[in-house]
Amino acid sequence: MEKLEKLYEGKAKKLYATNDPDILWVEYMNQATAGNGAKKAQIEGKGELNNHITSVIFDLLKARGVESHFVQRLSDTEQLVRRMDMFPLEIIMRNTAAGSFAKRYGVAEGTELKKPILEFCVKSDELGDPFINDDGIIALGLASEEELATISRQARAVNDALLDIFTKIGVQLVDFKIEEGKTGDGKILLADEITPDTCRLWNKGSKDGKVEHLDKDLFRRDLGDIIPAYEDIYARLTALAKDEGITPSA
């Protein structure tokens, strides 16, 4: 596979074309951001950890019947993925009240929800990623009714699979955001990444009732260094994959 011109650079990744028109080359960066880029920092080792973490998570999801754009990990910071026409949506699943949801509804952070909540935001830094409902998505042409039904069904399937994965490694999956896209032949798949940058993860072994964050809230809320937490998550996921006999896609 040959790496060609850069197509896109975001907050955490760079995307490159390859000599296969259906495959993209992804490079993970060390940049950490919060507040739609208002807070930034370069954190050594973050890109490598996120590349490894998302690779093993996609492998674990595949073993549970959840398909994604992921093809294989190439190096410590690089991977290959299928080229997708992305839906301009942030797809959010919530299992526990936290973050903006807790503030929005005046609910104590950590409150268990009676059922998982699926939310959508328009993916736009300029607009501040505004919340949008199903009717708005369809009315604005961000996805058709049929596409939205598929996206919603797959988001809940991802949540079920991730709950199983993280429960098995002693981690509470509070909430997460994902993205989905459409392949050249029209198939809708999970895309982007699943890492502690995009998931809110709490250690189930936390002491004295205090939340032990294992995610980007450590950076977002100035609670500490993210690297040890990300290393912990990667070590647990790797052990689970080994126990399940999963061969890494590398």
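What follows is calculated from the coordinates using simple rules that are stated; it is not laboratory data. What you see is a predicted model, and the numbers here were worked out from it, not measured in a lab. Here the Cβ positions follow ideal geometry from the backbone for every residue, glycine too, while neighbour counts run over all protein chains shown.
Taking R0 as 25 Å, what FRET efficiency do you get between residue 238 and residue 138 from their Cβ-Cβ distance, rounded to the nearest 0.05?
Working: r = 41 Å, r/R0 = 1.63.
Given R0 = 25 Å and the Cβ-Cβ separation, E is 0.05.
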Quick check: pseudo-label points 7 Å beyond the Cα along Cα→Cβ at residue 6 and residue 145, how many nm apart are they? 4.4 nm
Setting aside same-chain residues fewer than 8 positions from residue 3, which aspartates and glutamates have a Cα under 19 Å from its Cα? 20, 22, 27, 48, 76, 78, 192
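Which peptide among 221-234, 135-148 comes first, and what is the full order, when sorted by highest mean count of other Cβ atoms within 10 Å? Write out the running numbers ahead of the final one.
Details: 221-234: 16.4, 135-148: 13.8.
By packing density, highest mean first, the sequence is 221-234, 135-148.
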Can you give me the span-like helices of the chain, meaning DSSP H runs with 18 Å or more of Cα extent along the axis and Kyte-Doolittle mean at or above 0.0? 46-63, 226-243
Check: the chain dipole with +1 on Lys, Arg Cβ and -1 on Asp, Glu Cβ, in debye: 620 debye
What are the extents of the Cα atoms of segment 85-225 along their three principal axes, listed from largest to smallest and rounded to whole Å? 50, 31, 30
Give or take rounding to whole Å, what are the principal axis extents of the alpha carbon atoms in the chain, in descending order? 54, 43, 36
